[in-house]
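Below: one structure, written as structure tokens.
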Amino acid sequence: NAGVTQTPKFQVLKTGQSMTLQCAQDMNHNSMYWYRQDPGMGLRLIYYSASEGTTDKGEVPNGYNVSRLNKREFSLRLESAAPSQTSVYFCASSEVKYSPLHFGNGTRLTVT
Amino acid sequence: EDQVTQSPEALRLQEGESSSLNCSYTVSGLRGLFWYRQDPGKGPEFLFTLYSAGEEKEKERLKATLTKKESFLHITAPKPEDSATYLCAVHPQGEYGNKLVFGAGTILRVKS
């Protein structure tokens, strides 16, 4: 049982480049989330999708876009990467909106 | 503003030396408090959910407790394999979806 799978695991971008982070879950969960984790700070919510077909902004949405492609997949796009977006990005899912989160193993992104 | 503060930032224990981690929170109302464990290079792994003051949950050498202002994660007779970062998160009352507010974590090292 894979759980939550994120690709790629590592990525280096130059300022201004774009990329999409992919996330898929095989637990039939309704809700999916994108967080970023920076040293000394807690995980911060970028965007979430409470159910298929819906998305909403979290605490730090600027510079990002998301797509809930279907129930399984939730992607995060950086249209024009900036050094401030250097971080570790985690995708998570939950069965319903108040149940515990299940996290992937992250994408480590460096923007130079 | 909803806030979560974890202390200490780092803790070093000898194998068998029991201790506690603290999670203090300030929220307008608490729907739930979560504890997660995060190993290096991995995503957070769910441990416990606590919903009301006085509630306790146990799992192996870990016991989580909750008061109206803080939660403690007690570690009894820890082993080296308990070394990890422990994250606390709160789900504020009235928040749509699963918009958790995370603390920065406590890094625990247990030496044999």
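The values are calculated or read from the model by the stated rules, or taken from the named source; none is laboratory data. None of the values given here were measured: they were computed from a predicted structure. Virtual Cβ from ideal backbone geometry, glycine too; neighbours counted across all protein chains shown. Keep in mind that these areas ignore ligands, DNA and RNA; they rest on the heavy atoms of the full protein, side chains included. Shrake-Rupley method; radii C 1.70, N 1.55, O 1.52, S 1.80 Å.
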Problem set entry | Cross-chain or 6+ apart pairs with Cβ under 8 Å, the stretch B:81-98 first and of a type in the set (Gly, Ala, Ser), then at pLDDT below 80 and surrounded by fewer than 23 Cβ atoms within 10 Å (Cβ to Cβ) | B:Gly97/A:Lys97
Exercise. Do you know which of the residues in the stretch B:68-92 that are open to solvent by 10 Å² or more (accessible area, probe 1.4 Å) and within 11 Å of the chain's Cα centre (by Cα) is nearest to A:Tyr33 (Cα to Cα)?
Worked result: B:Thr85
Problem set entry | Members of the stretch B:8-25 found to be over 15 Å from the mean Cα position of the chain (by Cα) and in a strand (DSSP E or B), listed by number | B:Arg12, B:Leu13, B:Gln14
Exercise. Any chance the stretch B:93-102 includes a residue that's part of a strand (DSSP E or B), within 13 Å of chain A (Cβ to nearest Cβ) and open to solvent by 70 Å² or more (accessible area, probe 1.4 Å)?
Worked result: no
Exercise. Of the residues B:Thr26, B:Thr65, B:Thr106, which single one is within 14 Å of another protein chain (Cβ to nearest Cβ) and either in contact with a helix residue (DSSP H, G or I) (Cβ under 7 Å, 6 or more places away or on another chain) or surrounded by 16 or more Cβ atoms within 10 Å (Cβ to Cβ) (or both)?
Worked result: B:Thr106
Exercise. Any idea which of A:Tyr89, A:Tyr48 is without any contact (Cβ under 8 Å) to a residue 24 or more places away in the chain, within 14 Å of chain B (Cβ to nearest Cβ), out of contact with any Cys (no Cβ under 6 Å at 6 or more places or on another chain) and assigned to a strand (DSSP E or B)?
Worked result: A:Tyr48
For this session: Name every residue in the stretch A:92-112 that is of a type in the set (Val, Ile, Thr) and within 7 Å of chain B (Cβ to nearest Cβ), in order of residue number.
Result: none
Problem set entry | Residues satisfying the stated conditions in the stretch B:31-62, i.e. acidic (Asp, Glu) and either at negative phi or within 14 Å of chain A (Cβ to nearest Cβ) (or both) | B:Asp39, B:Glu45, B:Glu55, B:Glu56, B:Glu58
Exercise. Counting just the residues of the stretch B:29-48 that are of a type outside the set (Phe, Trp, Tyr) and in a strand (DSSP E or B), which one comes out surrounded by the most Cβ atoms within 10 Å (Cβ to Cβ)?
Worked result: B:Leu33
Seminar exercise, completed: Only unsatisfied item for B:Ala53, checking (1) among the aliphatic types (A, V, I, L, M); (2) open to solvent by 20 Å² or more (accessible area, probe 1.4 Å); (3) under 21 Å from B:Ile107 (Cα atoms), is (3)
Exercise. Taking B:Leu13, is it touching a residue at least 40 places away in the same chain (Cβ under 8 Å), open to solvent by less than 60 Å² (accessible area, probe 1.4 Å), over 30 Å from A:Lys9 (Cα atoms) and touching a helix residue (DSSP H, G or I) at 6+ places or on another chain (Cβ under 9 Å)?
Worked result: yes
